[in-house]
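The values are calculated or read from the model by the stated rules, or taken from the named source; none is laboratory data. Note that this is a predicted model, so its numbers are computed, not measured. Glycine gets a Cβ as well: all are built from the backbone with ideal geometry, and neighbour counts include every protein chain shown.
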């Protein structure tokens, strides 16, 4: 590298964002993710022994995926190559693989290939990489914010160990911020800074486990705050609020956070927790989720988990779904909230869900019995000569508008699919069914 190139690289390092300058250089400096890089953990042992195999680092932004890859680059004796899936193509992959094969054959040196945002690789790019990972020409490290089991080729995932990184907790974020404020070489230590406790706590809290977001905020706060007559930059709560105005919600409509959040919303309604249902709904609203998608989930839950225990739940849910189209954002969050809370607080029964599931199982596995003759359509000319409708008893001609007769095919006569719970309105349904079924006198299966 010539003098000009070295000077340009040094200038870039100095002008790099604080989050890039403060990347840890060793595992001992790495903050958080103790479950995978804590003392004695498998990944830490592999890195320290320089015996790494192909891995995929998966987690939200700002949790240390790229940082961990850089730590590996600084500690390994293997040659380290880095590609970004957004800009790299099949030609780049083939070049790196060819150089890795030459390096391994001529020098006996292994090559670690780090690919950031690997979920953005298309199938042909992943297929170009797969053989070299399989035969050991390269050791692959992939970083992704998306669930690799959904977004990365199954053969590539099967040849890699997947490690999930979790959002950092507030104490981890606080440690990282204090380190940046005190580091005179790479951080903000050359500035005289006083950060109000409320301002510091606000940045920590609003970072939402994202170290990059916290470091970007503190850097912006320090660089845009003029010093007083003594040269001290005072970071107030107002400055902190301006520097990190809104927490970055990790949410991709096609990604893992989408499915995890809607799952939490559904399970909160099912679990009769209106507070949690309102919270997860608010998370989806803030992240810009499709309101009609939310409405559909509430309608399904009303039928699946409330059912006949409170038939009004489905009416409320359907009304909210209609209101979403009629009203639109942002007011649509109100009928959605009403419906979600109604479903969460309603008496619960999954008897309708179980009934259709059992009936579907019989449809798929049992012989398809004939429609009993007395139930067949007798409205067309000639039906009577075929015996259609003969013997049918019209319930409204009998006391209580009920008369026992067989409605199932002969092969399924006596089969019970719907078993009402004792919750809510189903208690009344159960009493009626018990009375009706007791007079049917049909054989049980």
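Quick notes on this structure:
- Listing of helices (runs of 4 or more DSSP H) fully contained in the stretch 122-231 that carry 3 or more residues being under 25 Å from residue 72 (Cβ atoms), at pLDDT 90 or above and in contact with a helix residue (DSSP H, G or I) (Cβ under 8 Å, 6 or more places away or on another chain): 170-182, 211-224
- Test: residue in the stretch 280-295 that is in the same structural domain as residue 340 (by TED's automatic domain parsing) and either under 12 Å from residue 341 (Cα atoms) or touching a strand residue (DSSP E or B) at 6+ places or on another chain (Cβ under 6 Å) (or both): yes
- Residues that are over 25 Å from residue 276 (Cα atoms) and assigned to a loop (DSSP other than H, G, I, E, B) occur at least once in the stretch 358-366.
- Here residue 284 meets the list (1) within 30 Å of residue 58 (Cα to Cα); (2) at pLDDT 85 or above; (3) more than 15 Å from the chain's Cα centre (by Cα) almost entirely, failing just condition (3).
- Exactly one residue out of 90, 157, 97, 133 is over 30 Å from the mean Cα position of the chain (by Cα), farther than 30 Å from residue 215 by Cα and touching a residue at least 12 places away in the same chain (Cβ under 8 Å), and it is 97.
- Of everything listed in (1) in a helix (DSSP H, G or I); (2) surrounded by fewer than 17 Cβ atoms within 10 Å (Cβ to Cβ), the single unmet condition for residue 284 is (2).
- Inspection of the stretch 100-111 finds a residue satisfying the criterion of being surrounded by 15 or more Cβ atoms within 10 Å (Cβ to Cβ), in a strand (DSSP E or B) and more than 25 Å from the chain's Cα centre (by Cα).
- Within the stretch 360-376, residues that are without any contact (Cβ under 8 Å) to a residue 24 or more places away in the chain reach partners that are not in a helix (DSSP H, G or I) with beta carbons closer than 7 Å, at six or more positions or on different chains, in the pairs 373/387; 373/388; 373/390; 376/388; 376/389.
- Filter result for residue 400 (farther than 27 Å from residue 350 by Cβ and part of a helix (DSSP H, G or I)): yes
- Cβ-Cβ under 6 Å pairs, at least 6 apart or on other chains, the stretch 394-418 side at positive phi, far side in a loop (DSSP other than H, G, I, E, B) and at pLDDT below 85: 414/442; 414/443; 414/444; 414/445
- Residue count for the stretch 82-99, restricted to those that are buried (at least 19 other Cβ atoms within 10 Å of the Cβ) and part of a loop (DSSP other than H, G, I, E, B): 2
- Only listed residue being within 23 Å of the chain's Cα centre (by Cα) and buried (at least 16 other Cβ atoms within 10 Å of the Cβ), chosen from 57, 52: 57
- Cβ-Cβ contacts under 6 Å between residues 6 or more apart (or on different chains), taken from a first residue in the stretch 293-315 that is without any contact (Cβ under 8 Å) to a residue 12 or more places away in the chain to a second residue that is in a helix (DSSP H, G or I) and surrounded by fewer than 19 Cβ atoms within 10 Å (Cβ to Cβ), are absent.
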